[in-house]
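Working notes, structure below.
The values are calculated or read from the model by the stated rules, or taken from the named source; none is laboratory data. Values in this document were obtained by computation on a predicted structure and should not be read as measured data. No Cβ is skipped: glycine too gets one built from the backbone with ideal geometry, and neighbour counts run over all protein chains shown. Heavy atoms of the whole protein, side chains included, go into the accessibility calculation; ligands, DNA and RNA do not. Shrake-Rupley method; radii C 1.70, N 1.55, O 1.52, S 1.80 Å.
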4 protein chains.
Amino acid sequence: MRKTSHPCPLIAVIGGSKATPEEAAAAETVGRVLAEGGAALVCGGRGGVMEAACRGAKAAGGLTIGILPGADRVEANPYVDVSIVTGIGLARNAIVARTAQAAIAVGGSYGTLSEIAYALMFGVPVVGLGTWEIKREGHPPAPIVYAATPEEAAAHALALARRGE
Amino acid sequence: MRKTSHPCPLIAVIGGSKATPEEAAAAETVGRVLAEGGAALVCGGRGGVMEAACRGAKAAGGLTIGILPGADRVEANPYVDVSIVTGIGLARNAIVARTAQAAIAVGGSYGTLSEIAYALMFGVPVVGLGTWEIKREGHPPAPIVYAATPEEAAAHALALARRGE
Amino acid sequence: MRKTSHPCPLIAVIGGSKATPEEAAAAETVGRVLAEGGAALVCGGRGGVMEAACRGAKAAGGLTIGILPGADRVEANPYVDVSIVTGIGLARNAIVARTAQAAIAVGGSYGTLSEIAYALMFGVPVVGLGTWEIKREGHPPAPIVYAATPEEAAAHALALARRGE
Amino acid sequence: MRKTSHPCPLIAVIGGSKATPEEAAAAETVGRVLAEGGAALVCGGRGGVMEAACRGAKAAGGLTIGILPGADRVEANPYVDVSIVTGIGLARNAIVARTAQAAIAVGGSYGTLSEIAYALMFGVPVVGLGTWEIKREGHPPAPIVYAATPEEAAAHALALARRGE
């Protein structure tokens, strides 16, 4: 059977449902550059960093997918094209991480940390922008690529997602 | 905040990962008519009825979303545009049902029955085509709309999804 | 490595979170007879049929396990010994079905139907007591054992759970 | 309605399915001291740290609950009394964290990190023993209590679990 190619890589932007103005601006730029680079955006579908990233992606004509924790599509931010209504609460963080071919963490709190952990578990490349640093004595360093700017973060993720295809 | 309208209703086609030739033909027609009617198709992303429905939708230029049970996007059929890689096994049936604005069951076994049950639980309209009949003494009849042809099934689902918007 | 034997078979009682007096009385008897027969009770942990079954099991000194849909153990009924707090909503129905070595459905609505469907999918024996009847043309009859009394339902489930060990 | 008291607090031990001899010894001591302190043990039900903790708990006559990722109870380690067969893969980490009244992380890799993150998200107290350290600039320090010995870790967790009751 012919396997048609995926129309575009899926790249996750993960981060808090509340964002500082700086985080929101960074996420919006990340979303825009990902869309310009031909990626579809996957995220948790809510506000804050997720909404800013979706807004950026839509401004560049990209496709946005929101994997919602709750039971109703109305909780999606207004820039989500496709709402996946999981109803499984924060266990949906595992799905966001698995679905992506690379993930960019922008700021974030413990939810973001769980998504970073899942991505690392599943072998999904992780790019960090002002986010968690983790270490454990005796454990190899986590392969998180830290970026200094949103443009750099998006470029890294696009390259890493394409390498995995 | 301005709520942009969903680009199109999401309609689920549910059915077995193995299909008889008749079921596959019916599912393909359903997928095609849904796409012609402006709906995006959501399904479990695997073979059988799901693949036939996706093939029909793609033939008409529609968008197809596969909510996969396993841990790898390669299990998606070749007509899935957006693969949601849940990794949660058959518990993903709840997500397929919640994500849809209407669902069409084509044939199917117990997995399909679970998705019908979830859709009924969540108030998602269900259209049946050669699928389960259910009854319980003392319980109101389940509001499943049985259709005689794939065209009729798709038309019912399109009307029901729009009514709920 | 020595595999210690499971202390007792786990048998699920599934049914509505609201119950008629007759259903509650039946579920309580089922719970009591299961505990007398040496089984631990697994259920969704909420009210109605679940609570009545747990009350019956505790009256006979049995162990009760509630697999809760929500995010807080306070939603467990007062007769649950071990609360599993899933937070995954009604997708937890798949876990109730998988965890059991046999399941008894008492009355119930669409949630119960989803659990019956999952049990049938997973090869878990199902005993029905005043619950759903399902059929599909061209599909083999579902192997649900219908019982006439709670005592008979519990006896069937105990025998079926032991056969699978 | 009378709310019967929970028979005992549930405390999670989280850690890798492979363990160094030192980690296994620590986990076994943790499990034993928790059981001596009257707690039931909840864990992911597999090998390594989870198995060692269960072995310790059983040696002291405690109750052990394994929340398994896979679809079959045979994957439980031999010291699990109650197997919860989730079938939802590593999304079950959210359930382990939610179900516990306190959690002790022993060593561990990214799976353990995800459970730490979930526990912090859900407000479940976390005790660390040779495990991850996390920090993010601008984020308050994570309230993880680091212990120097297994006895100290178990004592902290028992105290923290009781405080939350």
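Counting other Cβ atoms within 10 Å, keep those with at most 16, restrict to DSSP loop, and tell me which GluC sites (Glu not before Pro) in segment C:90-161 are left.
On the way: sites: C:115, C:133, C:137, C:151, C:152; in loops: C:137.
In loop regions of segment C:90-161 (DSSP not H, G, I, E or B), the sparsely surrounded GluC sites (Glu not before Pro) are C:137.
For the protein assembly as shown, I need the span (max minus min coordinate) of the C-alpha atoms along each principal axis, in Å, sorted largest to smallest.
Answer, in whole Å and largest first: 61, 60, 44 Å.
For peptide A:68-74, what's the mean number of Cβ atoms from other chains within 10 Å of each residue's Cβ?
3
Considering only protein heavy atoms and a 1.4 Å probe, what is the carbon-and-sulfur percentage of the accessible area of chain C?
Values: 3150 of 5800 Å².
With neighbouring chains kept in place, the figure for chain C is 54 percent.
With a 1.4 Å probe, what is the total accessible area buried between chains C and B, in Å² rounded to the nearest 100?
On the way: alone 8370 and 8380 Å², together 14310 Å².
Buried surface at the C/B interface: approximately 2400 Å².
How many Cβ atoms of partner chains, on average, are near each residue of A:139-151 if near means within 10 Å of its Cβ?
1
Roughly how big is chain D's charge dipole about its Cα centre, with Cβ charges of +1 (Lys, Arg) and -1 (Asp, Glu), in debye to the nearest 20?
It comes to approximately 520 debye.
Over the protein assembly as shown, average the accessible area per residue using a 1.4 Å probe and give it in Å², no decimals.
35
Evaluate the relative contact order of chain D (contact order divided by residue number), counting alpha-carbon pairs under 8 angstrom at least 6 apart; express in whole percent.
23
Averaged over peptide C:124-135, how many Cβ atoms belonging to another chain are found within 10 Å of each residue's Cβ? Please report the intermediate quantities before stating the final value.
Working: counts 1, 0, 0, 0, 1, 0, 4, 3, 8, 5, 9, 4.
Counting other chains' Cβ atoms within 10 Å and averaging over C:124-135 gives 3.
For the residue pair residue A:133 and residue D:155, what label-to-label distance in nm results when each label sits 7 Å from Cα along the Cα-to-beta-carbon direction?
3.3
Take the residue pairs D:18/D:135; A:58/B:18; A:58/B:58; B:18/B:135; A:18/B:58 and return only those whose Cα atoms are more than 32 Å apart. Can you show the working numbers first?
Details: D:18/D:135 26 Å; A:58/B:18 38 Å; A:58/B:58 23 Å; B:18/B:135 26 Å; A:18/B:58 38 Å.
Flagged as over cut-off: A:58/B:18; A:18/B:58.
Could you sort the peptides C:15-27, B:36-48, C:39-51 by per-residue average Cβ neighbour count (10 Å cutoff), highest mean leading?
Most protected by this proxy first, the peptides run C:39-51, B:36-48, C:15-27.
Assign one of three labels to segment A:1-141, namely rounded, prolate or oblate, based on the Cα gyration tensor with a ≥ b ≥ c the square roots of its eigenvalues; rounded applies when a/c is under 1.5, prolate when it is not and a/b is larger than b/c, and oblate otherwise. Present the calculation step by step, with values, prior to reporting the outcome.
Numbers: a/c = 1.33, a/b = 1.18, b/c = 1.12.
It comes out rounded by the Cα gyration axes.
Which FRET efficiency, nearest 0.05, do residue A:75 and residue D:59 yield, Cβ-Cβ r, R0 35 Å?
Computed FRET efficiency for residue A:75 and residue D:59: 0.15.
Which distance in nm do the two modelled labels at residue C:18 and residue A:20 give, with both placed 7 Å along the Cα-to-Cβ direction?
Distance between label points: 5.0 nm.
Rounded, prolate or oblate: pick one for segment C:90-165, where a ≥ b ≥ c are the square roots of the eigenvalues of its C-alpha gyration tensor, a/c under 1.5 means rounded, and failing that, prolate if a/b is larger than b/c, else oblate. Walk me through the intermediate numbers first.
Values: a/c = 1.30, a/b = 1.13, b/c = 1.15.
Verdict is rounded for segment C:90-165.
Mind giving me the nanometre distance, one decimal, between the label points for residue C:36 and residue A:162, set 7 Å out from Cα along Cα→Cβ?
It is 7.2 nm.
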